[in-house]
Each structure stands twice: as C-alpha cells, then as structure tokens.
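Beneath this line is the structure, given in structure tokens, with notes to follow.
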Amino acid sequence: MSKKIPHRLYLTEEQMPKQWYNLRADMKELPAPLLNPGTLQPAKLEELYPVFCEKLAEQEMDNTTRYIDIPEEIQDFYKMYRPSPLIRAYNLEKALGTPAKIYYKFEGNNTSGSHKLNSAIAQAYYAKEQGLTGLTTETGAGQWGTALSEACAYYNLPLTVFMVKVSYEQKPFRKSVMQTFDAEIIASPSNTTKIGQMILSKDPNTGGSLGCAISEAIEKAVSTPGYRYVLGSVLNQVLLHQSIIGLESKAAMEMLDEYPDIVIGCAGGGSNLGGLIAPFMQDKLTGKASPRILAVEPASCPSFTRGKYAYDFCDTGRVTPLAKMYTLGSSFMPSANHAGGLRYHGMSPILSKLYHDGYMEAVAVEQTKVFEAAVFFAKQETILPAPESAHAIRAAIDEALKCKETGEAKTILFGLTGTGYFDMTAYNAFLNGSMSDYIPTDEDLQKGFDELPEVPNQ
Ligand SMILES: *Cc1c(COP(=O)(O)O)cnc(C)c1O
C-alpha cells in the first residue's frame, strides 16, 4: 500500500529555505533590460537609486547570483507565519471524482491574507538597513498595502500608501487594517501630487488605476528626502523574494516523494507565480524535469494571452523605466464590472521572457467561472479563497477534470495565494447573480497598443 500522505505538511524551522533562488541565473536567455525612457539606453544601477533602495536595486539588476542569502532578521520574521502549509486537497479530489492528486500551497495564513508579506518584509528590512526615513507605495485591492503596512510598522518606518480610489471607497476595512499599522492612506488620484492633479483635471470622477497610483507614489518618493518607492509585484526583486513559496513547496513535495506534473498559478504582475514556479522552472531550464507550467489570468485583463510582447511603461503616468513585457498598454483599464483582481496591464519581464520562449503556458478565464470555482473550493476545503487565487483554482479543477476523462493520475500543484474576506462585495455579486463577464474586443485592446512607446529594434 502506498504511504498515506498527510492533509497538511509543514516543514520544520530547520528545513526552511535560508536562501532565495534567482531564476535569472539559470535562464538560457535573459529578460530584456529595463530602459531609461529618455535615452532608450539600458538603465544603469545608479539611475535606480533615487527611486529604489540600493540593495533592492542591486537585486533588480543581478542576473547571475543563483542563490541569495535571506538575512537572518527576515528569516526570523518569516518564522512568525512560515512555513506555509502544503495541503493535499483530498476533499476537492473526491468531490471532482478525479484520479489526479491535487496539492496547494496556502499563503493566506497571515494578517495581510496573502503571499505579499514575503516581499514586503524584505523590502522594509533593506530600507531600514539603508537608514531611509520612509517609503511610498500603491495598492489596488489592498493586499500589498496591508502587507507593507505590517512590515513597516515592524521596523518603525513611516509609509504612505496611494490606494486606487474605487478600492478606497469600496473597501473601507482594508483602509482600517492599514491604519492599524500606522500607514497614511491617500485615495488615488489625489491632489497631493502633480501627476494626480493632472489626471484629476482631465477626469475629476475617475476611480483611479494601479498605474496611476504608482505614478503618484513614485512622485512622492523622489520628492521627499530620505524616501524611496517600493512595489509589490512585477519586479525581478519581488519574484526573488517570492521564491520562498516554490522552494518550500518543492522541499515538502520531496519529503512526500512527489513531483508535480503541472504547476499552476494566477498571474497579476507575476510575483506569486514566479515564486511558486521558480525551482520547478529551474529543473526545466536545466533539463532535470519538464513539468507543465500554467499561468491563469482574467479574460477581462488578458496580458499574456492577448497582450503584446513589447517595451512599455510600468505606470499610467509614464514615469517609470521601460520594461519589455507582455502588456495591454499602460493606459489599459479592465471593464468596470471586473471584480476578480489581477488587473495590472503588464507582466513580470522574467515570466514574459519565459512565456515568449515557450517554457510556460497561459490561459484566460471568465470571472463567473472563477467565482464558481471559488465557492466550490470553499465548500470542499473550508478556505474562502481570494478571487485572485480562485483563478488558479479554476484551472486546477479544469486540469483535474481532464484527468477524469483520460484516467490519468497526474500530480497538480497550485498556488492558493490568499483569503477573500475583504472581497465579499464581489462574492455577493456572484451569489446574487448580478456578476457578468466582459471580454474586451480587439478594438478595445488596440487603443492600449496604440499608445505603446516607440522603441526601435526591440
Ligand atoms: C496581489 C495578489 C495576487 C496577484 O499578484 P501577483 O504579483 O501576480 O502574484 C494574487 N493573489 C493574491 C491573494 C494577491 O493579493
């Protein structure tokens, strides 16, 4: 008889990873470099210093160091909520009647309710170490702002969060959580920045966007002495910190003599996906194994599946360096009825390159299908998933159902990035039947592509 696999497997503190893994060190071809938008030349390390903390800028540019030590203070902080459990979804498997073995890595066991704390604490640590006096950031749905508020409170660092106005109005309790951790919250666009004033003068009733909040946060950081800007996704440094998810998952699966045939993650800016897949992608890049890697995105914000692989700004205000990535254009905004998160216009340059080179796949799913999966999962596994995470659940269920048809007992691993307690408005819309799907037309998308910056020979 095969060994009984426990419902939940936790590594011991001793077994926890002590280094992050830098996927770039094993890539056959590197992602294209960030470009200075003025000169269109590759951005230099020093050019990042006014915006980013120095150590983080170095991590951003480091394409060669394979393993980077996790500072002991960060390891100690991680121990307050890590290792996160690797869970065997026995009940979900049974309910689906699938021969597939489904595992998920659950990152919602901390107050921020998501994986974002893994990078937030690292970024706050390096900022403190450099003697900075404060940080700025943006938040959309609020998970990143919450995670960073916790991390900054831990290090007594003042934090200003520009929160996308629609979320600010729709999620008052998110704001209260951040305020509990002493963060200053400003609804974006605001009149506290030049870019905010400009956007408001064009459209006083705008609900704001992530890209616009990023522009405001950067402006505040570069105009305030001792301040820097931090970002919770997309960047190489964030994927590096999030590799802890994949490293723990792989170690736990090894203890069970398991290895995934398919690794699935939701994709907004790419940080949880990049972190979860990191060591499995390493195996793929080095020829040790060839798991399928699957990104799942909303059909209403389909950067991978319908975006262009091109240089673009990371923000609406067009002030950031240019990144080569799958993008819908920095002015793209998902339709107003979109409720499932993952609304960023671009995608991590690392993941974009891997996708472009055929190392991973992507699917886009409609939100009613996503919430259907969320509710089904909640009833089987007793965790109320974040809508973002439910994209991965949807795809995992679909893969498990394919196994049911073919009779294959595949091993599926997916990332359950967080809990959905602040998303009950969206859940309500699904439950009372008022949620609808909107898939942008090619014409809708063309508007975003028309505004891509011109970069010759890319
Ligand atoms: C932010 C967030 C995501 C999406 O961000 P990525 O950078 O793509 O990982 C997914 N799930 C949850 C719970 C989040 O908070």
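None of Ala122, Ala147, Ala141 is under 25 Å from Tyr344 (Cα atoms), within 16 Å of the ligand (Cβ to nearest atom), open to solvent by 20 Å² or more (accessible area, probe 1.4 Å) and not in a strand (DSSP E or B) except Ala141.
Among residues of segment 104-119 being hydroxyl-bearing (Ser, Thr, Tyr) and crowded, with 24+ Cβ neighbours inside 10 Å, the one that is farthest from the ligand (Cβ to nearest atom) is Tyr104.
The residues of segment 260-289 that are more than 11 Å from the ligand (Cβ to nearest atom) and of a type outside the set (A, V, I, L, M, F, W, C), listed by number, are Pro260, Asp261, Pro279, Gln282, Asp283, Lys284, Thr286, Gly287, Lys288.
Looking at segment 387-458, the helices (runs of 4 or more DSSP H) lying wholly inside it that each contain 2 or more residues that are closer than 27 Å to Ser114 by Cα sit at 387-406, 424-431.
If you go through segment 277-295 and pick out every residue that is assigned to a helix (DSSP H, G or I) and either open to solvent by less than 10 Å² (accessible area, probe 1.4 Å) or not basic (Lys, Arg) (or both), you end up with 8. For segment 236-254, filtered to residues that are open to solvent by 20 Å² or more (accessible area, probe 1.4 Å) and away from the ligand (no atom under 13 Å from the Cβ), the residue that is farthest from Ala127 (Cα to Cα) is Glu254. Would you say Thr368 is away from the ligand (no atom under 16 Å from the Cβ) and without any contact (Cβ under 8 Å) to a residue 24 or more places away in the chain? When the stated conditions are applied, Thr368 does not pass them. You will find that of Asp312, Asp257, the residue that is touching a Gly at 6+ places or on another chain (Cβ under 7 Å) and away from the ligand (no atom under 15 Å from the Cβ) is Asp312 and no other. For segment 296-313, filtered to residues that are without any contact (Cβ under 8 Å) to a residue 60 or more places away in the chain and in contact with an Asp or Glu (Cβ under 9 Å, 6 or more places away or on another chain), the residue that is least open to solvent (accessible area, probe 1.4 Å) is Ser303. For segment 316-353, the set of residues classified as within 14 Å of the ligand (Cβ to nearest atom), of a type in the set (Gly, Ala, Ser) and within 16 Å of Glu138 (Cα to Cα) consists of Gly341, Gly346, listed by residue number.
Of all residues in segment 127-138, which are open to solvent by less than 10 Å² (accessible area, probe 1.4 Å) and either in a helix (DSSP H, G or I) or small (Gly, Ala, Ser) (or both)? Hits for segment 127-138 are Ala127, Gly134. One residue stands out in segment 325-362 among those that are open to solvent by 30 Å² or more (accessible area, probe 1.4 Å) and outside any loop (DSSP other than H, G, I, E, B): the one that is farthest from Asn236 (Cα to Cα), namely Glu361. More than 29 Å from Pro334 (Cβ to Cβ), open to solvent by 20 Å² or more (accessible area, probe 1.4 Å) and either within 16 Å of the ligand (Cβ to nearest atom) or without any contact (Cβ under 8 Å) to a residue 60 or more places away in the chain (or both) - does that describe any residue in segment 79-93? Yes, segment 79-93 contains at least one residue that is more than 29 Å from Pro334 (Cβ to Cβ), open to solvent by 20 Å² or more (accessible area, probe 1.4 Å) and either within 16 Å of the ligand (Cβ to nearest atom) or without any contact (Cβ under 8 Å) to a residue 60 or more places away in the chain (or both).
The values are calculated or read from the model by the stated rules, or taken from the named source; none is laboratory data. Just so you know, these numbers come straight off a predicted model, no measurement behind them. Here Cβ is always computed from backbone atoms with ideal geometry, including for glycine, and neighbour counts include all displayed protein chains. Just the protein is used for accessible areas: all its heavy atoms, side chains included, with ligands, DNA and RNA removed. Shrake-Rupley method; radii C 1.70, N 1.55, O 1.52, S 1.80 Å.
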